[in-house]
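**Q** Pasting in a structure now, in C-alpha cells, and then I'll have a few things to ask.
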Amino acid sequence: MLTLDTNIIISYLNDEKPVVEKILQWKEQGEGFIISVITEIETLSYPELTEEEISIIERLFKEITIMPLDSQIGRITARFRRTLKLSLGDSVIVATAYITGSSLVTLDKGIIRKAKNTIPIITI
C-alpha cells in the first residue's frame, strides 16, 4: 500500500506525465492506494472546481482507501507536528502513512526533508 499526498493526487488529475505513468504502473502491479481524509478535503476544496471535475475526483476516490481521522491518528499527528515541525495537514498525512505502515508518495520537499527518517518516502 502507498499513501498518496495531496500534491500527487493533484498532479495525477492535472495529467502530469511522470506522476500518471508511475500511478498506472503501480496499479498494474496491484498496488493499493491510501489517502488521508485531509487529502480528500484539500482536493475537493478548490473554489474553482467545476461539477465535472468534482465528479472525476469522486470517481477516483472510490478506487482509493480514505483513512478517517481518529484518536490514534490524532495523537501521532500531534507528535509529528511537535517533533517534525510540519503543518497540521502534512502531519496528518505523514501520520496516516505511519499508522498504515505504508510509504508516502509526495512531491513536497519539506515533508521529504523533515520526515525522511520517520516513514518511507517515495518521490516521483
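**Q** Could you list, ordered by first residue, the pairs with Cβ atoms under 7 Å in which the first is in region 74-86 and of a type outside the set (G, A, S) and the second is loosely packed, with under 13 Cβ neighbours inside 10 Å, at least 6 apart or interchain?
**A** As it stands, the answer is R81/L88, since those pairs meet every condition given.
Yes or no, residue by residue, for (1) closer than 14 Å to I8 by Cα; (2) touching a Phe, Trp or Tyr at 6+ places or on another chain (Cβ under 6 Å); (3) of a type in the set (V, I, T):
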{"position": "T39", "(1), (2), (3)": "yes, no, yes"}
{"position": "E53", "(1), (2), (3)": "no, no, no"}
{"position": "F61", "(1), (2), (3)": "yes, no, no"}
{"position": "V92", "(1), (2), (3)": "no, no, yes"}
{"position": "S102", "(1), (2), (3)": "no, no, no"}
{"position": "T118", "(1), (2), (3)": "no, no, yes"}
{"position": "I121", "(1), (2), (3)": "yes, no, yes"}
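**Q** Further question: Among the residues of region 64-81, is there at least one that is in contact with an Asp or Glu (Cβ under 9 Å, 6 or more places away or on another chain), under 25 Å from K27 (Cβ atoms), surrounded by 10 or more Cβ atoms within 10 Å (Cβ to Cβ) and of a type outside the set (V, I, T)?
**A** For region 64-81, residues in contact with an Asp or Glu (Cβ under 9 Å, 6 or more places away or on another chain), under 25 Å from K27 (Cβ atoms), surrounded by 10 or more Cβ atoms within 10 Å (Cβ to Cβ) and of a type outside the set (V, I, T): absent.
Just so you know, all these numbers are worked out from the coordinates, no wet-lab data involved. Here the structure is a predicted model, which means the values were calculated and not measured. Please note: Cβ atoms are built from the backbone with ideal geometry, for glycine as well, and neighbour counts cover all protein chains shown.
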